[in-house]
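The values are calculated or read from the model by the stated rules, or taken from the named source; none is laboratory data. Every value quoted in this text rests on a predicted model; they were computed, and no experiment measured them. Heads up, the Cβs are rebuilt from the backbone with ideal geometry, glycines too, and the neighbour counts pull from every protein chain shown. Side chains included, ligands, DNA and RNA excluded: accessible areas come from the protein's heavy atoms. Shrake-Rupley method; radii C 1.70, N 1.55, O 1.52, S 1.80 Å.
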Amino acid sequence: MAGLTFTMLRICLLAVALSTVRGEDPYFFFTWNVTYGTISPLGVPQQGILINGQFPGPNINSTSNNNIVVNVFNNLDEPFLLHWSGVQHRKNSWQDGLLGTNCPIPPGSNFTYHFQVKDQIGSFFYYPSTAMHRAGGAFGGLRINSRLLIPVPYADPEDDYTVLAGDWYTKTHSTLKKLLDSGRSIARPDGVLINGKTAKGDGTDEPLFTMKPGKTYKYRICNVGLKTSLNFRIQGHTMKLVEMEGSHTVQNVYQSLDVHVGQCFSVLVTADQEPKDYYMVASTRFIKNILVGKAIVRYTNGNSPASPEIPEAPIGWAWSLNQFRTFRWNLTASAARPNPQGSYHYGSINITRTIKLLNSATLVDGKLRYAINDVSHVDPETPLKLAQYFNVADNVFKYDMISDEGSVEGRDVTIAPNVVNATYRNFVEIIFENHEKSMQSWHLDGYSFFAVAIEPGRWAPEKRKNYNLLDAVHRHTIQVFPKSWAAVLVTLDNAGMWNLRSELTENRYLGQQLYFSVLSPANSLRDEYNIPDNTLLCGLVKDMPLPKPYTI
């Protein structure tokens, strides 16, 4: 090391030392108090659910591989859980926050979620998964930024905005729950909100977002509503799509985007118009009475009001289907995982199992129920994951109550826990077939899937020739149009108990969901984490001793 100064030598030795030490990924800690509060987003006072007094709740801004620790204090008078929609919780379904995986947080108690946003990027959101709490609020944005070492396929935007749009009911969450419990539907919503508000349009509205002339901004748009697809647009501006539910996309430009319930898109918008105010618009799709939510986007040097002429939304679902076909995965972009789901060449992997899921609505004992393949799911008192882990599953649920072939003709709907026994690391084809006259939106926890096709009519094996087997977007939520079907491909490489559900909250609450049990035969920490020490226990397992932990 001749010629090195003492300072340079110290730097070299420090670099060598650091290279042998494996530092843990950063931790971010949050304390959230969940309370009731009066809100009036549509001018009608109602009971809302607030997080730290906020509606919507706080945004979580994280980076791939960060550890997120959220201590949730339930100050409601009923059990409560939060679900992190789109976060894959690799090997860790213990943190998914659903009644199939977690005991709810009792009133007056708390629970600390601890999860890592492992090898993910993108725009997501969280929401309450218990009762009809989603209709009261307690939802918020969850963004996962790319690590600095991994390039993003666009220049850094001037700012990064979260847009939580969704339909809204003036009836309270408890009233909506009573309607469903009595066997009736919650009917149609009363309005559309953007970040918990809607602009009046009378000149008194403060801007929700501001833009500097000539600068480009990133908008993360999520449909956090209960049942209605939305068309999203910004007056006078185009949107360049860059990311969708965790995957970089081919960067097509759109005048408007249909965002179905549970879906999230990221777009780039450049402030290249006359400096003034513009309306951001979200309007309902596929229902008779169109509801419109608006927000003001203001140029920093503008002093003119937004034009009252709102850009029209498209009509019919053929337009929306054609837009879906333009979405493509950006295969040239770096990703959080170097090779998601095992291979970019997913089209050449042999399908090991095909599961056709047919959704239906029916009356059981005079009450409305929704089902998948003739089984309407109900959450048992003992969460499915805990029953399985404590080896009391036989006392709580039966595996494979549904057929892989869809509904069985003449079979009555059964109300029971709906659990599919899946094989670890199988490559599975899931067909969603919608014979109803209404829209559907389906979400799978724990994974992203390749959304290879949506078509009108009924699915048949020969339809596979129409699949996109090259660059279908790798995402977690897919819409199914009326009298249509959708196909997705997924590698079940994430051990755990994972929920597949209708994102339409009424349908989910009344049974349109199931769980994939994906067990590693090795019972090894390489494949799945042990039950966390702070796990809440309830039902049959409440006072049982913990089973022997997994080891390497």
Using 0.36 nm times the number of residues separating Thr204 and Gln54, minus their current alpha carbon distance, what extension gain do you get? 51.8 nm
What's log10 of I(q)/I(0) for the stretch 490-552 at q = 0.17, 0.19, 0.20, 0.25 Å⁻¹, Debye sum over Cα points only, no solvent? -0.84, -0.95, -0.99, -1.08
Taking the Cα-to-Cβ direction at Asp77 and at Lys212 and moving 7 Å from each Cα, how far apart do the two end points lie in nm? 5.1 nm
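For the chain, give the magnitude of the charge dipole about the Cα centre (Cβ charges: +1 Lys/Arg, -1 Asp/Glu; no others), in debye to the nearest 20.
The calculated dipole for the chain is roughly 460 debye.
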Past 26 Å, Cα to Cα, is the threshold; run Lys197/Lys218; Lys240/Lys288; Lys91/Lys483; Lys91/Lys178 against it and keep the listed order. Lys240/Lys288; Lys91/Lys483; Lys91/Lys178
Within the accessible area of the stretch 159-326 (1.4 Å probe), percent carbon and sulfur: 49 percent
For the chain, which DSSP H helices look membrane-span-like by this rule: Cα extent along the axis of 15 Å or more and mean Kyte-Doolittle of at least 0.0? 6-20
Using the Karplus curve 6.51 cos²θ - 1.76 cosθ + 1.60 with θ = phi - 60°, what ³J(HN,Hα) values do you get for each residue of the stretch 355-362, in whole Hz, with x for Gly and Pro? 10, 9, 10, 10, 8, 8, 10, 7
Taking amide H positions as placed 1.01 Å from N in the peptide plane, with prolines and chain starts having none, which residues 5 or more places from Phe125, or on another chain, fall under 5 Å of its amide H? Ser85, Leu142
Nearest-20 debye value, the stretch 495-552 charge dipole, Cβ charges on Lys, Arg, Asp, Glu: 100 debye
Point-charge dipole on Cβ atoms (K/R +1, D/E -1) for the stretch 345-403, about Cα centre, debye to 20: 220 debye
Helix-only estimate, please: 222 nm mean residue ellipticity of the chain, summing -39500 (n - 2.57) across DSSP H runs of length 4 or more and dividing by its residues, to the nearest 500. -2500 deg cm²/dmol
Using R₀ = 51 Å, calculate the FRET efficiency as 1/(1 + (r/R₀)^6) where r is the Cβ-Cβ separation of Asn350 and Asp159; round to 0.05. 0.65
Would you list, by chain and number, the aspartates and glutamates whose Cα falls below 18 Å from the Cα of Lys542, excluding same-chain residues fewer than 8 positions away? Asp379, Glu381, Asp394, Asp533
Solvent-accessible area of Val44 with every protein chain in place, 1.4 Å probe, in Å² to the nearest 10: 60 Å²
Accessible area in square angstrom per residue, the chain, 1.4 angstrom probe: 41 Å²
Could you pull out the pairs from Lys356/Lys385; Lys177/Lys200; Lys356/Lys463 whose alpha carbons sit more than 22 Å apart here? Lys356/Lys385; Lys177/Lys200
Nearest 0.05, what FRET efficiency do Glu309 and Ala460 give at R0 = 41 Å with Cβ-Cβ as r? 0.35
Quick one: 3J(HN,Hα) in Hz for the stretch 106-118, Karplus 6.51/-1.76/1.60 with θ = phi - 60°, rounded, Gly and Pro as x. x, x, x, 10, 9, 8, 9, 7, 9, 9, 10, 7, 6
Contour minus end-to-end for Ile150 and Ala522, with contour as 0.36 nm per residue of separation and end-to-end as the Cα-Cα distance? 130.6 nm
Send over the semi-axes of the stretch 346-519's equivalent ellipsoid, whole angstrom and largest first, taken as the square roots of 5 times the C-alpha gyration tensor eigenvalues. 25, 21, 13
Can you list residues whose amide H is under 5 Å from Phe449's amide H, if they're 5+ apart or on another chain and H is modeled 1.01 Å from N? Arg475, His476
Diffusion constant of the chain at 10 °C, which comes from Stokes-Einstein with the Kirkwood Cα-pair radius and 1.306 mPa s, µm²/s: 65 µm²/s
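Over the stretch 27-145, what percent of the accessible surface lies on carbon and sulfur atoms, probe 1.4 Å?
Answer for the stretch 27-145: carbon and sulfur cover 50 percent of the accessible area.
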For the stretch 297-381, what class follows from the C-alpha gyration tensor (a ≥ b ≥ c being the square roots of its eigenvalues): rounded when a/c is under 1.5, otherwise prolate if a/b is larger than b/c, else oblate? oblate
Select from Gly191, Ser283, Phe55 the residue farthest towards the positive end of the dipole of the chain; place +1 on Cβ of Lys and Arg, -1 on Cβ of Asp and Glu, and compute about the Cα centre. Ser283
